[in-house]
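Quick one: this structure, given as structure tokens, is what I'll be asking you about.
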Amino acid sequence: SYYSYYFYTIIIMHLMRLCYCLGTLLPAVSSFHMASPSATRRVSRQLKRTQLQSTSLPPSGGGESNSSPISLIVKSEESDRQNDLMLGEDSGMFNWSNEKWGALGESGWLTFFAAVATILTAVAVLWIYPPTGYGDDFVSFLENDVAHGNPHLVTLAFGIIFPIVHSGLASLRPLGEKIVGARTWRVIFAFPSLCLAYSWIVYFISHAHEGFQFYDISQIGWVHGLAWIINFTSFLFLYPSVYNLKEVAAVEKPKIHLWETGIIRITRHPQYVGQVMWSGAHLAMVGTSFTALTMALLVGHHYFACWNGDRRLEAEHGENFLKIKERTSVIPFQAIIEGRQQLPKDYYKELLRAPFVLIAVGSIGAYFAHPYMQAGAALAKNTGLVPGGILDGIFLEFN
């Protein structure tokens, strides 16, 4: 499902950011080289030229930029926002020089990777690995006790349970944060969502070709190519809060952000649009009743999230959100066509930013990881049920 791409994309993004952070060592290494007098004079002349040129450059966020694409990725530049309300944040801003490893416990990348490793280890031990986890017990319960062997009813159950847990915990966020704090609530929210998403992903991959076959056009070359392009593009429609990886991992305090730039200019709910694109492309490739039901459930959940997301943003930001809502739309480009939203002349600056590059690389990586996803899903299916888990002893004591 869309969540499988999303999950693998985030993991690959983490690895890319690690490589990115390792790049900070290069300037440190180069500083050990002794510059010759002639090299020093050349650098001095270059600095003078740069200072003279900088006096004639337009201010940031206004005119034309002479920056190369690489420099814009390393350090984001503001677009011309003179027509904006300036009530929301500028999405996807990134400055390489601000990225630090930090000590463990600080809000740096070392703490981030430690937090991600901890939560993924907990998911693996308590849910994924059959001898210790309970994911196989949960799926077995749905298959045998609820659906009685009907995979359509299993994915239907997932399509009901996951939105209740995921959107329900998101809706309870204001109350939960008051009780346990923002960071702890993020963990409470993320753990069951990751567990259920994993199980639904694996089940979908294992049963995607089951049920009634409406059509099979997967062997037509241009259909596969078009589906690939749509799938790839769909991942550029991620909600900007996903870019803040440290907030996602609760290293920094999670916030309910109000965004005004970037993909939000195209659609206020990019995650919904991306899900529609992804589901439509995959349904075109895999025309079975099981896939059709799963895609409908995913799109239905995201459609509900449009309403629920607007409700939560209005509760958090009030009038500021309503003003931005008037200038945006759910349907892509609608607000632009109607004249309610104006794209800056240098709009490319809002898209040529590090998060989009990392998402693009991660999406390509997820595509090539398909055989491993399929192999993992087959392994989980063939392993079957290993009753119980690591917490059985605790449960028995209570009984």
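The values are calculated or read from the model by the stated rules, or taken from the named source; none is laboratory data. The model shown is predicted, which means the values in this text are computed figures rather than measured ones. All Cβ positions, glycine included, derive from the backbone under ideal geometry; neighbour counts span all protein chains shown. Just the protein is used for accessible areas: all its heavy atoms, side chains included, with ligands, DNA and RNA removed. Shrake-Rupley method; radii C 1.70, N 1.55, O 1.52, S 1.80 Å.
Take the alpha-carbon centre of the stretch 326-399, take the same for the stretch 156-184, and report the distance between them in whole Å.
Each part reduced to its Cα centre gives a spacing of 18 Å.
Quick check: from the Cα gyration tensor, does the stretch 234-379 come out rounded (a/c under 1.5), prolate or oblate?
Prolate, since a/c reaches 1.5 and a/b exceeds b/c.
In µm²/s, what is D for the stretch 98-247 at 25 °C and 0.890 mPa s, where D = kT/(6 pi eta Rh) by Stokes-Einstein and Rh is the Kirkwood radius from Cα pairs? Intermediate values should be presented prior to the final figure.
Numbers: Rh = 18.5 Å.
Rounded, D is 132 µm²/s.
Applying the Karplus parametrisation 6.51 cos²θ - 1.76 cosθ + 1.60 with θ = phi - 60° to the phi angles of the stretch 324-332, what ³J(HN,Hα) value in whole Hz is obtained for each residue in order, glycine and proline being reported as x?
So the Karplus estimates, Gly and Pro as x, are 5, 4, 5, 9, 10, 8, 7, 5, x Hz.
For the cross-link pairs Lys100/Lys325; Lys100/Lys345; Lys323/Lys349; Lys75/Lys253, which exceed 28 Å when the distance is taken from alpha carbon to alpha carbon?
Lys100/Lys325; Lys100/Lys345
Let me ask something else about it. So for Trp101, Trp259, Trp127, Trp222, what's the accessible-area order with a 1.4 Å probe, most first? Please report the intermediate quantities before stating the final value.
On the way: Trp101 80, Trp259 15, Trp127 40, Trp222 180 Å².
Final ranking, largest accessible area leading: Trp222, Trp101, Trp127, Trp259.
While we're on this one: Among the GluC sites (Glu not before Pro) within the stretch 62-142, which fall in a DSSP loop and have no more than 15 other Cβ atoms within 10 Å of their own Cβ?
Numbers: sites: Glu64, Glu77, Glu78, Glu89, Glu99, Glu106; in loops: Glu64, Glu77, Glu78, Glu99.
Passing sites in the stretch 62-142 are Glu64.
Another question, if that's okay. Amide H to amide H, which residues 5 or more places from Glu89 or on other chains are under 5 Å from it, using H placed in the peptide plane?
So Glu89 has HN proximity to Leu258, Trp259, Glu260.
Let me ask something additional. Hey, can you grab everything whose amide H is under 5 Å from the amide H of Thr288? Only 5+ residues off in sequence or another chain; H modelled, so Pro and N-termini drop out.
Here the answer is Phe214, since their amide H atoms fall under 5 Å of that of Thr288.
Another one. For a quick check of understanding: with a 1.4 angstrom probe and all protein chains in place, what accessible area in square angstrom does Glu319 have, to the nearest ten?
About 110 Å², rounded to the nearest 10.
Which of the trypsin sites (Lys or Arg not before Pro) found in the stretch 206-275 are in a DSSP loop and have at most 16 neighbouring Cβ atoms, other than their own, within 10 Å? Please report the intermediate quantities before stating the final value.
On the way: sites: Lys246, Lys255, Arg265, Arg268; in loops: Lys255, Arg268.
The qualifying sites are Lys255.
How many percent of Cα pairs in the stretch 191-310 exceed 21 Å? Don't jump to the answer; show the numbers that get you there.
Working: 3468 of 7140 pairs.
The share of Cα pairs beyond 21 Å in the stretch 191-310 comes to 49 percent.
At most 10 other Cβ atoms within 10 Å and a DSSP loop assignment: could you name the chymotrypsin sites (Phe, Trp or Tyr not before Pro) in the stretch 133-216 that fit?
Working: sites: Tyr134, Phe138, Phe141, Phe158, Trp185, Phe189, Tyr198, Trp200, Tyr203, Phe204, Phe212, Phe214, Tyr215; in loops: Tyr134, Phe212.
Passing sites in the stretch 133-216 are Phe212.
Let me ask another. Could you derive backbone 3J(HN,Hα) for the stretch 92-101 from the dihedral phi with the Karplus parameters 6.51, -1.76 and 1.60 (θ = phi - 60°), listing whole Hz in sequence and x where the residue is Gly or Pro?
With the stated coefficients, the stretch 92-101 comes to x, 5, 8, 9, 3, 5, 8, 7, 10, 5 Hz.
What FRET efficiency do you get for Glu326 and Tyr303 if R0 is 25 Å and r is their Cβ-Cβ distance, rounded to the nearest 0.05?
Details: r = 21 Å, r/R0 = 0.84.
Computed FRET efficiency for Glu326 and Tyr303: 0.75.
Just the number: Rg to Rh for the stretch 61-138, Cα atoms, Kirkwood Rh, two decimals. The partial results should precede the final answer.
Values: Rg = 20.7 Å, Rh = 16.6 Å.
Rounded to two decimals, Rg/Rh equals 1.24.
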